[in-house]
Amino acid sequence: MFRNPWKKRRMKAYSLLLAIAVVCTVGLLPAEKASAAETPTSLGLAEHGIKAHRDGWVYLYAGKGQAVGNTRGSDCAGLLYAYFSDVGAIGKCQGGASGQVTYNCVFSNDISEGIPNIHGLALTMPDYVSPGSGLYGHIGIYIGNNEATDNSDAQFNMRRETVVGNTGRNWNAWHVFDNGMMYPADGWYQLDGKLVHYTNYEYDANTVIDGYLLGSDGYAVDSDGKPVPVSAVTLSTKYVSASQVAAYLRTRYSGKDSTYELIYGNGGPSSDYNGRITGSGVRLRSEPNTTSAIVSTLAKGANVNILEEVTGEKVTADGVSTDKWYSVTTVSGLKGYVCSLYAERVSVSPAGDPPAAPTISASDGYVVITSSDGADIYYTTDGSVPTENSTPYTQPLYLTGYTFRAIAVANGMSSPVSTATVLSNSSVFTDFVRTDWFYQAVDLAVSYGIFRGNGDGTLSPNGKITRAQFVVALAGLDGADLTAYQNGTSFSDLEKLPEKMRPAVAWAYEKGYVSGFGDNTFRPNDSISREQMCVILRKYAGLERNSSSSLFADDSRVSSWAKDAVYACRDFGLISGMGDNLFDPLGTATRAQACVIMTKLYKR
């Protein structure tokens with residue numbers, strides 16, 4: 001039941017692995033200089049991001065890691081630059097987010113397809129404000145376990161947050177960074193003073209290797225749950241190039257990066273440019289041939305004006321050959337030639353602004369789609385991107401339980417695409433779709449009143465569920481009358497919790513379903529562990545363990561006070577293991593997984 005969205009994807013190992021000796025350095029203050037250039041690694045980049053967050057780097061516009069008081073400062077792209085600078089291997093790691101992706105990334109993919117278990121990937125967000133100068137508005141470092149670090153802005157400085165399920169952030173693509181960086185292949189490696197194990201280019205999780213348990217975060221722990229000393233194993237020296245990792249990932253992922261579509265929807269460029277670049281890192285040449293001077297390198301999706309078609313050098317790519325080139329001008333006024341294999345003509349948009357994205361709402365089983373501009377509306381329910389050839393919206397639709405995608409069209413221009421999932425009780429959410437594995441459980445949990453959204457149209461199904469959120473869901477499952485619990489409890493830290501959630505904690509505490517910690521705290525915003533969840537469920541439902549219960553392989557890691565509850569919940573069918581007969585007692589559950597558990601209990 002507890003599906004890991006980041007579960008390791010495997011393939012047969014490549015026969016050739018490159019062995020190199022690597023020292024993973026951490027961020028050096030500018031006064032400190034590496035004695036010699038070192039080979040940058042993805043593990044080193046991930047550790048750099050972890051340490052920058054731990055050391056409290058501040059946001060500094062155009063900063064590249066220079067000293068700021070007792071710490072250092074950078075902007076988002078400067079955070080990545082600082083790592084390569086620290087190890088003395090800057091290479092082509094220059095410019096902002098778009099420049100780094102254009103010049104340094106050899107494979108990109110949408111996060112919606114999942115993230116491979118590879119530390120040190122680059123993550124990006126779209127630039128909705130000025131995409132003409134580059135599609136990517138922000139860049140960060142993937143540090144594993146569905147977490148990223150990035151230096152965001154002066155208000156937040158360094159952040160370390162979940163990638164999927166974190167309300168308010170919009171990471172949408174991941175990239176394999178090259179710039180001479182090497183990636184772990186197979187064996188034990190060190191990351192931030194802890195052990196991780198890689199098999200076929202991805203780190204292992206929720207499994208046992210060499211007698212050591214690797215949790216959901218990929219770190220190795222012993223039978224007592226303590227980190228295994230790095231000295232306990234022989235570290236691997238097997239590293240491979242970014243291009244070799246990219247070749248492997250092409251067998252697992254589509255290679256689709258939807259950043260351009262997210263910015264422009266189906267309407268194409270938002271100005272009167274009549275062409276766009278369709279490849280990554282396309283060279284603008286001074287003449288229509290591959291030997292002339294490079295005027296600039298253009299990012300995928302960049303707008304251009306195509307002036308004329310000319311005959312130039314014959315170019316072949318992916319089995320297609322052409323001698324047709326375009327004479328173009330760029331957004332910044334540069335002029336040159338681009339082979340037609342890497343650019344396309346688009347319709348020129350009329351003067352004026354495109355209409356705003358339509359609004360999707362629902363009530364009493366009817367779905368209403370409105371346009372603030374009075375534009376025509378077209379929609380789909382099959383997951384496809386709507387166009388003017390899609391179904392026109394003319395009146396409220398008595399149709400719930402679908403994901404709607406809609407555009408507004410006026411004066412020949414299309415709006416960005418609006419996407420919303422309408423549940424059977426007419427609740428509307430924008431952060432998951434009907435085809436997600438957890439949809440049915442979420443639909444039931446929301447319809448039963450067990451779960452509610454965040455108040456902004458999101459549910460955060462992939463976010464980790466906190467102790468307080470789990471108790472609120474339990475009160476919803478019970479249908480508890482909380483009016484008598486408005487005064488809360490004596491826990492000293494409930495001021496950190498919204499007032500509307502406090503009565504549920506008081507109810508659960510009075511009923512004996514939950515207890516606090518020795519310092520009189522409840523820790524409401526901590527993620528609830530899997531074994532804590534089982535203890536609450538057992539107390540609530542009065543579950544008993546079967547005398548014939550077989551043990552999980554990591555039974556020694558289950559706390560003594562939780563063992564009976566863990567096996568009682570397993571025997572009752574509420575929870576299951578994580579594969580390889582592991583339970584992962586200290587692991588956490590997502591909100592979607594909690595929906596599955598609660599609906600199972602409700603239907604019992």
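List of remarks:
- Computed FRET value (nearest 0.05) for Gln94 with Thr387, which takes r as the C-beta separation and R₀ as 45 Å: 0.70
- Between Glu313 and Lys194, the simple spin-label model (points 7 angstrom out along Cα→Cβ) gives 5.0 nm.
- When each of the peptides 387-398, 580-591, 179-190 is scored by the mean number of other C-beta atoms lying within 10 Å of its residues, the order from highest to lowest reads 179-190, 580-591, 387-398.
- Acute angle (nearest 10 degrees) that the helix 563-572 long axis makes with the longest principal axis of the chain, alpha-carbon atoms: 80
- For the range 427-443, 3J(HN,Hα) per residue [Karplus equation, 6.51 cos²θ - 1.76 cosθ + 1.60, θ = phi - 60°, Hz, x = Gly/Pro]: 5, 10, 10, 10, 10, 7, 10, 5, 8, 5, 4, 8, 3, 4, 5, 5, 4
- Amide H within-cut-off set for Val367, under 5 Å, with H built and near neighbours excluded: Leu397, Tyr398, Leu399
- Cα gyration tensor category, rounded, prolate or oblate, for the chain with a/c compared to 1.5: oblate
- Tail fraction, Cα-Cα pairs, the range 348-426, threshold 16 Å, whole percent: 46
- Net length available on complete extension from Lys496 to Thr291 is 67.5 nm, with 0.36 nm assigned per residue and the Cα-Cα distance removed.
- Sequence-distant residues sharing a close amide H with Ala220 (under 5 Å, placed H): Leu195, Val228
- The residues neighbouring Asp323, those whose beta-carbon lies less than 15 Å from its own, together hold a net charge of -1 under the Lys/Arg +1, Asp/Glu -1 convention.
- For the chain, the longest principal axis of the alpha carbon atoms and the long axis of helix 530-541 meet at an angle near 40°.
- Summarised in one figure, the compactness ratio Rg/Rh of the range 357-490, Cα atoms and Kirkwood Rh, is 1.08.
- Ordering 486-494, 559-567 by mean Cβ neighbour count within 10 Å, with the highest value first, yields 559-567, 486-494.
- The packing ranking, built from the mean of other Cβ atoms within 10 Å per residue, places the peptides 516-523, 247-254 in the order 247-254, 516-523, highest first.
- Near-label residues of the range 450-470 by backbone N, under 20 Å of a point 7 Å along Cα→Cβ of Ser515: 467-468, 470
- Between the range 541-594 and the range 42-100, the alpha-carbon center distance in angstrom: 42
- Of all accessible heavy-atom area on the range 337-470, the percent that carbon and sulfur account for (1.4 Å): 45
- Paramagnetic label zone (point 7 Å from Cα along Cα-to-C-beta, Val208; backbone N under 18 Å) in the range 565-604: 567, 577-587
- 10 Å beta-carbon shell around Arg434, net charge (K/R +1, D/E -1): -3
- Sites Leu482 and Asp456, calculated FRET efficiency, Cβ-Cβ separation with R0 25 Å, nearest 0.05: 0.60
- For the pair Thr359 and Ser556 in one chain, pulling the backbone fully straight at 0.36 nm per residue adds 65.7 nm over the alpha carbon distance.
- Angle in degrees between helix 502-511 and the longest Cα principal axis of the chain, rounded to the nearest 10: 30
The values are calculated or read from the model by the stated rules, or taken from the named source; none is laboratory data. Model, not experiment: these values are computed from the prediction. Backbone-built Cβ (ideal geometry, glycine too); neighbour counts: all protein chains shown. The area values use the complete protein model at the heavy-atom level, side chains included, leaving out ligands, DNA and RNA. Shrake-Rupley method; radii C 1.70, N 1.55, O 1.52, S 1.80 Å.
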